[in-house]
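Participant: Have a look at this one.
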Amino acid sequence: MIDVQNLTKYYNDFCAVDNISLTVQPGEILGLLGPNGAGKTTTLRMLTGYFKPNSGSITVNNLQMGKDTLKIKSLIGYLPESAPLYHNMLVYDYLTYVAKIKGILDPEKREIRFRELAELCGLSAIMGKPIANLSKGLKQRVGIAHAMMTDPQILILDEPTSGLDPNQIAEIRNIIRSIGKEKTIIFSTHILSEAEATCDRIAIINKGRVVANDTTDRLKQSASQASFIRLSLTGPTEKQAMDLLKTIDDNLEITPIFSMADAMVSFEIRSTNSNSSTSEDADINSRIYLKIKATDWIITELAKESQALEKIFQELTREDA
């Protein structure tokens, strides 16, 4: 549905977006994840036709941005980071104003659409309230209703959960998931948990470049730091346990870690073999178990842990990356 090739944007001599290429499939929820200033907002503004790139191309449903910009804009609903709301208006009056601007002139059709949006965005109880009196979370819901007024095929949201409390974030997340059942969604965020919980795929942007683009699970699998085994034992001293574990495999890196219980020793065990497979990892797990089973020690934890998305994000967006 959306194909972005070699997109580049300069502000004078500063390169905000540097040769980005992305493809977004119909019905996919794509998260643009990156630190502040990474180029996320600039990218979204080019995707919506508000900014013209210095080079590169954007194709939406076989329509070319620049040549078919107005047609593309008619397919997109866009909510910028600061929702463009008129705070002195009632929610109902504001949505009526938006509907008229967008060409929904028939009062009956407007009412039908308002009922659909009120249910989708949870606005039924606030339609008669001034926008100025709403919490930020409710204002964001009104902004999403604005973006969804013409039932667009594509919804683009810039930091939709920024500045919200945890309950409000959960509410916006649920709305995004509900819309994502039928629409293509692209949204930017620097909140790692939001991207992981909401998106089908994540593109991590740093210094204007895409440094990773895949599903969360695949990003974890392809990270430079291997998965590790967490092991906790009662019975041995730390040295006794280390001596035994070292006999299992020469490629194991065994690191003692803090244990909450005084009588317990704990370790993180990693394979230094960069070509280790999932089956080999499972074999190491089994060998650890069998070695310890032959003693009178008690295993209180033996689990494979995947690298956290936060660690991957830090690696890909560090200053020297």
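The values are calculated or read from the model by the stated rules, or taken from the named source; none is laboratory data. Since the model is a prediction, treat every value here as computed from it, not as a measurement. When we count neighbours, we look across all protein chains shown, and the Cβ atoms used for this are built from the backbone with ideal geometry, even at glycine.
Participant: Can you pull out every residue in segment 251-268 that is out of contact with any Ser or Thr (no Cβ under 9 Å at 6 or more places or on another chain) and either over 12 Å from E238 (Cβ atoms) or not in a strand (DSSP E or B) (or both)?
Facilitator: Scanning segment 251-268 gives a single hit, D262.
Participant: Count, please, the residues in segment 6-26 that happen to be touching a strand residue (DSSP E or B) at 6+ places or on another chain (Cβ under 6 Å) and at positive phi.
Facilitator: The qualifying residues number 2.
Participant: From the list P80, P107, pick out the single residue that is in contact (Cβ under 8 Å) with a residue 60 or more places away in the chain and not acidic (D, E).
Facilitator: P80
Participant: Show the residue pairs that are 6+ apart or on different chains and have beta-carbon atoms under 7 Å apart, the first residue being within segment 85-102 and farther than 12 Å from I126 by Cα and assigned by TED's automatic domain parsing to the domain that holds N133, the second being surrounded by 13 or more Cβ atoms within 10 Å (Cβ to Cβ) and among the polar types (S, T, N, Q).
Facilitator: As it stands, the answer is K102/T150, since those pairs meet every condition given.
Participant: Right, something else. Can you find, within segment 284-304, the residue that is nearest to the chain's Cα centre (by Cα) among those that are over 16 Å from I257 (Cβ atoms) and among the polar types (S, T, N, Q)?
Facilitator: N285
Participant: Say whether the condition of being touching a helix residue (DSSP H, G or I) at 6+ places or on another chain (Cβ under 7 Å) and on the phi > 0 side of the Ramachandran plot is met by at least one residue in segment 161-179.
Facilitator: Yes, there is a match, as at least one residue in segment 161-179 is touching a helix residue (DSSP H, G or I) at 6+ places or on another chain (Cβ under 7 Å) and on the phi > 0 side of the Ramachandran plot.
Participant: Can we say D200 is modelled with pLDDT of 80 or more, farther than 21 Å from L79 by Cα and in contact with a strand residue (DSSP E or B) (Cβ under 8 Å, 6 or more places away or on another chain)?
Facilitator: So D200 fails the test.
Participant: Let me ask another. I'm trying to understand the selection: among the residues of segment 138-177, which are small (G, A, S) and at pLDDT 95 or above?
Facilitator: G143, A145, A147
Participant: May I ask you to say which residue of S279, S286 is at pLDDT 85 or above, exposed (fewer than 12 other Cβ atoms within 10 Å of the Cβ) and either part of a strand (DSSP E or B) or out of contact with any helix residue (DSSP H, G or I) (no Cβ under 9 Å at 6 or more places or on another chain) (or both)?
Facilitator: S286
Participant: Residues in segment 203-232 that are of a type in the set (K, R) and at pLDDT 90 or above: how many?
Facilitator: Number satisfying all stated conditions: 2.
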